[in-house]
């Protein structure tokens, strides 16, 4: 019997108290990882961690540098290494371009782009020291194809795509892989769309658990030659 894909690995997954993030946490843990469950509220993280054996709950806003520093310190103290980072936490605001407010724009960019940059900046020295690691940035089709009414969200995910490609080149000498995952699944965020659009999408979008399987592959050694790539997990094939 083969060993679990992530046997003994430590994985931080932001925004893992629900949706795709939680599905990733469950899949990674089932394949041997020690998973750090993160959400803004500590109580939410603890509730999810209670259902995932061997996981560690650390709440906090991953766009806040103090919370980031505290998380990295706690993970190193409690679990030792940091082998996998999934930058998944995100928010969206639906507004036509002429109605996007400064506050709305700044909130989305702070969480979706500045947050992953700051957290990765804190984790990468640990991975460099180990001379191994993988970072998976969760982006969106909005970054490459656009999405009406989601200017700030598309801009943030487009920026994260640019960071993915830059880090993949910059960190390759340290044996750190960086990839992007473009998922679409019926989550709370998708339910901001009009009802007729939601109904159409429900018929063809994969479940969060299916997206988690793609993420599991990308962070595992099965993908050890894969870096600087954008992988789509966005279509449900016919039965």
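The values are calculated or read from the model by the stated rules, or taken from the named source; none is laboratory data. All values reported here derive from a predicted model rather than from experimental measurement. Neighbour counts run over all protein chains shown; Cβ positions are idealised from the backbone, glycine included.
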Could you look through region 23-33, keep only residues that are closer than 16 Å to residue 181 by Cβ and touching a strand residue (DSSP E or B) at 6+ places or on another chain (Cβ under 8 Å), and pick out the one that is surrounded by the most Cβ atoms within 10 Å (Cβ to Cβ)? 24
Could you tell me how many of the residues in region 1-52 are over 13 Å from residue 136 (Cβ atoms), under 11 Å from the mean Cα position of the chain (by Cα) and assigned to a loop (DSSP other than H, G, I, E, B)? 1
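Of all residues in region 114-132, which are out of contact with any strand residue (DSSP E or B) (no Cβ under 8 Å at 6 or more places or on another chain) and assigned to a helix (DSSP H, G or I)? Break it down into steps so the answer makes sense when it comes.
Within region 114-132, the first condition is being out of contact with any strand residue (DSSP E or B) (no Cβ under 8 Å at 6 or more places or on another chain), and the residues that meet it are 114, 117-118, 121-122, 125, 129-131.
Passing the criteria: 114, 117, 118, 121, 122, 125, 129, 130.
State whether one or more residues within region 82-92 are more than 19 Å from residue 116 (Cβ to Cβ) and in contact with a strand residue (DSSP E or B) (Cβ under 8 Å, 6 or more places away or on another chain). Talk me through it step by step, then tell me what you get.
Going through region 82-92, the residues more than 19 Å from residue 116 (Cβ to Cβ) turn out to be none.
Taking every residue of region 82-92 in turn, none turns out to be more than 19 Å from residue 116 (Cβ to Cβ) and in contact with a strand residue (DSSP E or B) (Cβ under 8 Å, 6 or more places away or on another chain).
Within region 169-219, can you find the residues that are at pLDDT 75 or above, assigned to a helix (DSSP H, G or I) and more than 16 Å from the chain's Cα centre (by Cα)? Reasoning before the result, please.
Of all residues in region 169-219, those at pLDDT 75 or above come to 169-183, 207-219.
After this cut, where a residue has to be assigned to a helix (DSSP H, G or I) as well, the list is 169-174, 208-219.
Of everything in region 169-219, those that are at pLDDT 75 or above, assigned to a helix (DSSP H, G or I) and more than 16 Å from the chain's Cα centre (by Cα) turn out to be 169, 170, 171, 172, 173, 174.
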One residue is enough: does region 34-54 have a residue meeting the conditions touching a strand residue (DSSP E or B) at 6+ places or on another chain (Cβ under 7 Å) and over 24 Å from residue 91 (Cβ atoms)? yes
By residue number, the members of region 61-77 that are buried (at least 20 other Cβ atoms within 10 Å of the Cβ) and assigned to a loop (DSSP other than H, G, I, E, B) are 62, 63
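Evaluate the following for residue 111: is it closer than 23 Å to residue 183 by Cα, out of contact with any strand residue (DSSP E or B) (no Cβ under 6 Å at 6 or more places or on another chain) and either surrounded by fewer than 17 Cβ atoms within 10 Å (Cβ to Cβ) or at pLDDT below 95 (or both)? Walk me through it before giving the result.
On the way: closer than 23 Å to residue 183 by Cα: yes; out of contact with any strand residue (DSSP E or B) (no Cβ under 6 Å at 6 or more places or on another chain): yes; either surrounded by fewer than 17 Cβ atoms within 10 Å (Cβ to Cβ) or at pLDDT below 95 (or both): yes.
Yes: the conditions hold for residue 111.
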